[in-house]
1. In this structure, does residue 125 turn out to be more than 12 Å from the chain's Cα centre (by Cα), at pLDDT below 90 and surrounded by 12 or more Cβ atoms within 10 Å (Cβ to Cβ)?
2. When you look at residue 154, is it more than 30 Å from residue 56 (Cα to Cα) and crowded, with 16+ Cβ neighbours inside 10 Å, yes or no?
3. Quick check on residue 11: is it surrounded by 12 or more Cβ atoms within 10 Å (Cβ to Cβ), assigned to a strand (DSSP E or B) and in contact (Cβ under 8 Å) with a residue 40 or more places away in the chain?
4. Among the residues that make up the range 83-97, is at least one of them outside any helix (DSSP H, G or I) and buried (at least 16 other Cβ atoms within 10 Å of the Cβ)?
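The values are calculated or read from the model by the stated rules, or taken from the named source; none is laboratory data. Please read these numbers as outputs of a predicted model, since none were measured by experiment. We place every Cβ from the backbone using ideal geometry, glycine too, and count neighbours over all the protein chains shown.
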């Protein structure tokens, strides 16, 4: 049986192309205790999917995707206020603008999602809120994260439905 790529894997791969080595890890699913050597990282998780019967021979699937941009908060502790703080860095990663055109930069989460509105029969339907904050994790680890909820719609062919 051939393995097919999941929606979360497709989105992860788009981020990998857009950001390259800016992040050390691109992963489907949150490992809960990420190795510090793998931060900063982007995690893409499909949290749920809704299925509806559509016109003859099709199902409509809504994929709920949770995107995390994860940095080690300890990297910022004790640093002077001047320069980019983790908050500023996360803002720029999520929705930074091109200085010339004022459009979303191509190497931002919003730039990737808005420029790839349709992906192989999928369409990014809703980009919910983007939030950020410090997240306590096990083993005395603190991460600072940007988190984005999106929905992706898909029409799935269902042959020979009776």
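1. The answer is yes for residue 125.
2. Judged against the criteria, residue 154 is not a match.
3. Answer is no for this residue.
4. Looking for residues that are outside any helix (DSSP H, G or I) and buried (at least 16 other Cβ atoms within 10 Å of the Cβ), one finds at least one in the range 83-97, hence yes.
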